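The values are calculated or read from the model by the stated rules, or taken from the named source; none is laboratory data. If you're wondering where the values come from, they're calculated on a predicted model, not measured in any experiment. For neighbour counting, all protein chains shown are included, and Cβ atoms are generated from backbone atoms with ideal geometry for every residue, glycine included. Each accessible area value is taken on the protein alone, full model and side chains, heavy atoms only, with ligands, DNA and RNA left out. Shrake-Rupley method; radii C 1.70, N 1.55, O 1.52, S 1.80 Å.
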Amino acid sequence: MTAWLGWIPALPLFSSLVLLLVGGRIGHRLVTLLGVGSVLGSGLLSGMLIVDFVAAEGAAVTIRLLPWFSSPGLSVSFGLYFDGLSAVMLGVITGVGLLIHLYSAAYMAGDEGYARFFGYLNLFVGAMLLLVLADDFLLLYLGWEGVGLCSFLLIGFWYKEPGNGYAARKAFVVTRVGDIALAAALLIMIQQFGTLHIQTVIERAQLQWLGTDWSFWVALLLLGGAVGKSAQLPLQTWLPDAMAGPTPVSALIHAATMVTAGVYLIARTQGLFLLSPQVMELVALIGALTLFLAACSALVQHDLKRVLAYSTISQIGYMFFALGAGAFSAAIFHLMTHAFFKALLFLAAGQVILSLHHEQDLRRMGGLLRRLPFSALCFAIGCAALAALPLTSGFYSKDAILLQAYGLHGGSLAWWLALAGAGITALYSLRLFLKLFFGEAVTEPRPDMRPTLVVPLVLLCLLALLGALIPQPLEAVFVPLAVIEVPAAVHGAILVMPWLGLATGALLWRHGSGLRQRWSDSALARSWRAGWGFDALYDGLLVRPLLLLARLNRKDLADQPVQFLAWLSMRGHAWLSIAQNGRLRRYAAGIALGAVLVLTVVTL
């Protein structure tokens, strides 16, 4: 069955090539067939491969496809690596990705860039599959950059709006910072080991880097790449603005592709991170700070999709917190359940936005419970899973993170931030649900629910509720944590915190309208709404000084020699053109003068 492994990324990549080259000249149905069918094919192959792998309790498999290039000291080939971690990622990318593609077929119908949209979407999935299946860091980096390119193309899909182009450029530039850090890590690996084969690098690092600083610097650079792709502190600013793209794009970025790449990178290279406890501490601290700050920002947003964007940053923060604590299995478990309920929330949000004539401002929504009952049900399930309420998938994965992280971080600032984040998550989830479906109706919705929109949402509802039952073959991938007995009071606090958030939200909604308005207008709420001022900080520290330097250095000294040559050529042409005046008397005089000069020189 593993012989089919190469077809899993190849199908969407090939479909993308066809759609981008000739998609505008083929019919709507054929575009849909190629766009959705290619991901369906990858999903079926992934499913059969995973079932076969789990049933056989198989070991990791490496497939070498073909040589890539060879140079003195470095030889790279196209190869794929499949193990339990790859299996979970394949299930998430192709499974959730397929539902998003199916939804997109209805959501984007009638758009003039329909074929281009599916071309980009297929390329996004293909690049992500290549990333998670690569057995070599260079191939992983190829998929990594492909994911970044696709996010740029899809965020700016409706490129005629200047704001969309700005958001796409911002995402591209900010994530490049992390990409440079990752590239630097790869260069160090080449210099140290002469190979980029992932398993070989990890094995040699565990033998040669013990007691050296190389493990620290490489792990730190890998972390830099991960925080950029997964929108963690201090590179989280691109994700809230990435909502400019179509809603299915947001669902794909947040649930199955881009933001999960950083989590996957750390999990895949755990052998390098475990050599550097300082960096592991830093990963946990970054995750805890990010989840808390982003949860506070989600609490005060007025835009529906920005609430979900900050929620994603916060939930990815939980995964980083778990990775830093060594709870790798719990992090990947939460990655999977988060993909289910976050895709559900985004696609349900897309349905609400469509019904409200593309309205996204929560202040102009409300009273939709009876008008959009199916969307209300989807949001209720998605918000419950996001808030980690019992009997939802989010409850089991977040519970696992807080319990397993307690062994290393119990009582630390990071752990308390993670616990507080659970309460704030429940609070903003309830606020979002109440704002949408209760209170006075402001905008009259258009009841429109096509079957192609309903089917993906129903399946995602089931996954958001029951997804935690899906087994994950990760026992052979990660080093198991030592069993730590958690005090009953701690376990109780973890269970109570979401309910505390819900109770606070219900009280404020029922009795605190004046208090809510004063709070919304306060300086602190405005700061949280602006993402704690990180955009303004970077604008003041980096963007404006660089623009000023560019203006001051407009006449760059390095350009002067080139510009002098251009000026000299222009002046020389002007001088010589004087001779081309068409007067025979002057031509004859010139010839005579030249002849005299030649004879004079010859005579002398």
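Looking at the chain, the accessible area is 44 square angstrom per residue; that uses a 1.4 Å probe and ignores ligands, DNA and RNA.
Helix content alone sets the calculated 222 nm mean residue ellipticity of the chain: runs of n ≥ 4 DSSP H residues at -39500 (n - 2.57) each, divided across all residues, give -24000 deg cm²/dmol. Taking Lys and Arg as +1 and Asp and Glu as -1, the other residues whose beta-carbon sits under 10 Å from that of G366 total +2. Counting lysine pairs in the range 6-522 that sit 8 or more residues apart in sequence, or on different chains, and whose Cα atoms lie under 28 Å apart gives 15. Here the contact order of the chain, divided by its residue count and restricted to Cα pairs under 8 Å and six or more residues apart, works out to 12 percent. Expressed per residue, the C-alpha convex hull volume of the range 236-341 stands at 87 Å³.
What is the distance in Å between the Cα centres of the range 349-382 and the range 1-24? Here the answer is 35 Å between Cα centres. Shape annotation for the range 561-603: C-alpha extents along the principal axes are 41, 28, 5 Å, from largest to smallest. Its Cα gyration tensor gives the chain an equivalent ellipsoid. The semi-axes, each the square root of 5 times an eigenvalue, are 49, 32, 27 Å from largest down. Ordering 533-543, 379-389, 212-222 by mean Cβ neighbour count within 10 Å, with the highest value first, yields 379-389, 212-222, 533-543. With all protein chains in place and a 1.4 Å probe, the accessible surface of the chain carries 69 percent carbon and sulfur. Packing, as the average of other Cβ atoms within 10 Å across residues, places the peptides 231-242, 157-168 in the order 231-242, 157-168, highest first. Rg of the Cα atoms in the range 435-513, relative to 2.2 N^0.38 Å, amounts to 1.79. All other residues whose Cβ lies under 14 angstrom from that of S577 are scored, Lys and Arg at +1 and Asp and Glu at -1, for a net of +3. Fully extending the segment from A566 to E112, taken as 0.36 nm per residue of separation minus the present Cα-Cα distance, adds 159.0 nm.
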